[in-house]
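Reading through the structure tokens given below for one structure.
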Amino acid sequence: MEPPKKPKRVFRPSQRCMECTIRRVACDKEMPRCTGCLARGDKCSRQSVEEQKRLFQHAVSGADPGRLMQDKQQLLEENQNLKEKNRELEEENAKLRRRVLELENEKLKKKNRELEGKNLELEGKVLQLEERRLP
């Protein structure tokens, strides 16, 4: 005799909000905020069907959905931290670019002054040569 087969689990998207799901309380599924979240002052959010399906597939494979939610939250926090770090680095990069431009500008001004000095020197020599030719 064969052992009885386990019934295949079927994916059905939940209409409950995440806050009620996490608190394990009934959700009246009102939109845009359920009554429970409204009373608690929570932000009422629902997962997309794609996200629910992904979690369902992990649950069927034996993964812990609570752990997946923690991992997701950690990844979101890490993403936020990386965005902040990226913003700080972009600001630092902009400052360094400005400094490089200032240094290049100073170098060009110095070179310009040198060339102006040489130009005046050459103009003086030209005047001397012209004075010699005139007599």
* Using per-residue counts of other Cβ atoms within 10 Å, averaged over each peptide, order 116-122, 37-43, 16-22 from highest down. => 16-22, 37-43, 116-122
* Quick one: Karplus J couplings for segment 23-35, per residue in order, coefficients 6.51, -1.76, 1.60, θ = phi - 60°, nearest Hz, x for Gly and Pro? -> 6, 6, 10, 5, 10, 7, 6, 5, 10, x, 10, 6, 4
* Asked: Which of the peptides 91-101, 23-33 is most tightly packed, and how do the rest follow, judged by the mean count of other Cβ atoms within 10 Å per residue?
  -> 23-33, 91-101
* Can you list the HN-Hα couplings for segment 117-124, worked out from phi with the Karplus curve (6.51, -1.76, 1.60; θ = phi - 60°), rounded to whole Hz and with x for Gly and Pro? -> x, 5, 4, 4, 4, 5, 4, x
* In nm, to one decimal, how far is the ASP71 label point from the SER14 one, both placed 7 Å along Cα→Cβ? -> 1.8
* Determine the gain in length on full extension of the stretch LEU129-ALA26; use 0.36 nm per residue of separation and subtract their C-alpha separation, reporting nm with one decimal. => 26.8 nm
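Each reported figure results from applying straightforward, stated rules to the coordinates on display, with no laboratory input. Bear in mind the structure is a predicted one, so any value in this text is a computation, not a measurement. Because the Cβ atoms are built from the backbone with ideal geometry, glycine has one as well, and the counts that use them run over all protein chains shown.
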